[in-house]
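S.K.: Below is the structure I would like to discuss, written out as structure tokens.
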Amino acid sequence: MRKLKSVLHTAGMFALLLALSAGAAGGARRKVIIDQDAYGRAGSDEQSILMLLQSPQVEVLGITIPTGDGWRDEEVRDTLRMLEIAGRTDIPVYAGAVMPLVNTPARMQRWSAQYGKLVWYGPWLQNRPDPYLVPPSPAGEPGIKAAPGTAAEFMVRMVHKYPGQVTIIAAGPFTNLALAARLDAQFSSLARELVFMGGSFNPVPADNKFSAEYVNSPRLEFNMRFDPEASSIMLHEPWKRILEVPVDPTTPTLFTAQFIHELSQGKAPFDAYLARYGQVLPMWDEMAVAVWLDPSLITRSQVRMVDTDTQWGPGYGATLSWNPDTAPGMGEQPVQVVFAVDVPRFERTVLDLLKAPSPSR
């Protein structure tokens, strides 16, 4: 009986996601806040932002930036410059957290000495000790500045302004979300839903260098382990709906050199920029955006109760999960976890959005 209830719950959640997408496509644009560690030029981070800007279904209220793949201030600069190139300087960018809630470079050095080196540390242990040092950008410096105020304050303000209407799409560490939740206890319950890229369950190793991050430690994924305490706070908040895209469905994907060349033939104002600075990377963040825009891309998903390990040890920052009837009952929330997508359709969706003329506003 418990298994049947779990299956019915999963089917119901999936049907709800499809219905929400269909309803939005035929009505008002969906309001979105993008929480993104948008580091570097082009790549998965920026391309996922541009997909949302390109969608006629979406109204982007703003972009909030935490430290993640890079230090916050460099990510803010790169995001502002990208928006200039895209002709979307109307989108405000808010600086968020510089450091995680508890984790530090010194703690990660100690962790690595005890439990082994990780493949990716973001800006830590990468000869980038100064969080406020912003090196020159080959793409040029932006002429616009970040909006005043903090990322957390902006998020809270928007969910109060548009109760039940704002989707948070988070694709970096979750420090900004945790700060917003602690700033205002109504924050998550006033949002429409949370969509996030993060976590790792049991990914099939890809035949590329990026599998090194998870082949020996399949539950340690960067977005969750960079700030485990923030991730755990986020996953215990009373969101109306949570959709998670972990590493698992992204392993068959790669934004190839051929895709980058195809962008060079596109009609969006930023396509030459993406073609010049394009990176051959798995399509992590693009997938989170694509399955939210079109849930029919999902071929397998399941409802899990999800948390992040915050205990110091070899599993610090690891993804924890249970079936709904076996969770500890400590405030874990049901999460619709995407485990597989229609990869050819997904790739086409990404390329078509990024190559299309920008929609009129």
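We did not get these values from a lab; they are worked out from the coordinates using the rules stated. What you are looking at is a predicted structure, and each value in this text was computed from that prediction instead of being measured. Because the Cβ atoms are built from the backbone with ideal geometry, glycine has one as well, and the counts that use them run over all protein chains shown.
S.K.: Could you tell me what fraction of 2.2 N^0.38 Å the Cα radius of gyration of the stretch 66-159 comes to, as a two-decimal ratio?
M.R.: Against the compact-globule rule of thumb, the ratio is 1.26.
S.K.: Follow-up question, since we're still on this one. Which shape class applies to the stretch 137-191: rounded if a/c is under 1.5, otherwise prolate when a/b exceeds b/c and oblate if not, where a ≥ b ≥ c are the square roots of the Cα gyration tensor eigenvalues?
M.R.: Prolate, since a/c reaches 1.5 and a/b exceeds b/c.
S.K.: Take the chain, connect every pair of alpha-carbon atoms lying under 10 Å apart with a spring to form a Gaussian network, then pick out the residue of Asn323, Asn127, Asn216 with the largest mean-square fluctuation.
M.R.: Asn127
S.K.: Quick one: net charge of Val58's neighbours, Cβ under 14 Å, K/R +1, D/E -1?
M.R.: Summing Lys and Arg as +1 and Asp and Glu as -1 gives +2.
S.K.: Can you divide the C-alpha Rg of the stretch 205-361 by 2.2 N^0.38 Å and report the result to two decimal places?
M.R.: The stretch 205-361 yields a ratio of 1.17.
S.K.: Using packing as a proxy for protection, rank 105-112, 163-170 so that the peptide with the highest average count of other Cβ atoms within 10 Å comes first.
M.R.: Packing order, densest peptide first, comes out as 163-170, 105-112.
S.K.: Taking all pairs of different Cα atoms in the chain, averaging 1/r and flipping that mean, what Kirkwood radius in angstroms comes out?
M.R.: 20.4
S.K.: Can you classify the stretch 109-156 as rounded, prolate or oblate using the Cα gyration tensor, where a ≥ b ≥ c are the square roots of its eigenvalues, rounded means a/c under 1.5, and otherwise it's prolate if a/b beats b/c and oblate if not?
M.R.: oblate
S.K.: Work through the residues other than Ala340 whose Cβ is under 13 Å from its Cβ and net out their charges, Lys, Arg +1 and Asp, Glu -1.
M.R.: Taking every other residue near Ala340 into account, the sum is 0.
S.K.: What is the packing order of peptides 292-301, 128-137, taking the mean over residues of other C-beta atoms within 10 Å and listing the highest first?
M.R.: In decreasing order of mean packing, 292-301, 128-137 become 292-301, 128-137.
S.K.: Students often check this: by mean Cβ neighbours within 10 Å, which of 91-104, 60-73 ranks highest, and how do the rest follow?
M.R.: Going from most to least packed, we get 60-73, 91-104.
S.K.: For the chain, what are the DSSP H helices with axial Cα length of 20 Å or more and mean Kyte-Doolittle hydropathy of at least -0.5?
M.R.: 2-26
S.K.: Oh, and also: Computed over the Cα atoms of the stretch 155-283, what is the convex hull's projected area averaged over all directions, in nm²?
M.R.: Mean projected area of the Cα convex hull: 9.5 nm².
S.K.: Shape verdict for the stretch 134-227, please, from the Cα gyration tensor: rounded (a/c under 1.5), prolate (a/b greater than b/c) or oblate.
M.R.: It comes out oblate by the Cα gyration axes.
S.K.: Further question on the same structure: In which sequence would Val289, Val156, Val76 go, from the one with the fewest C-beta neighbours within 10 Å to the one with the most?
M.R.: Val156, Val76, Val289
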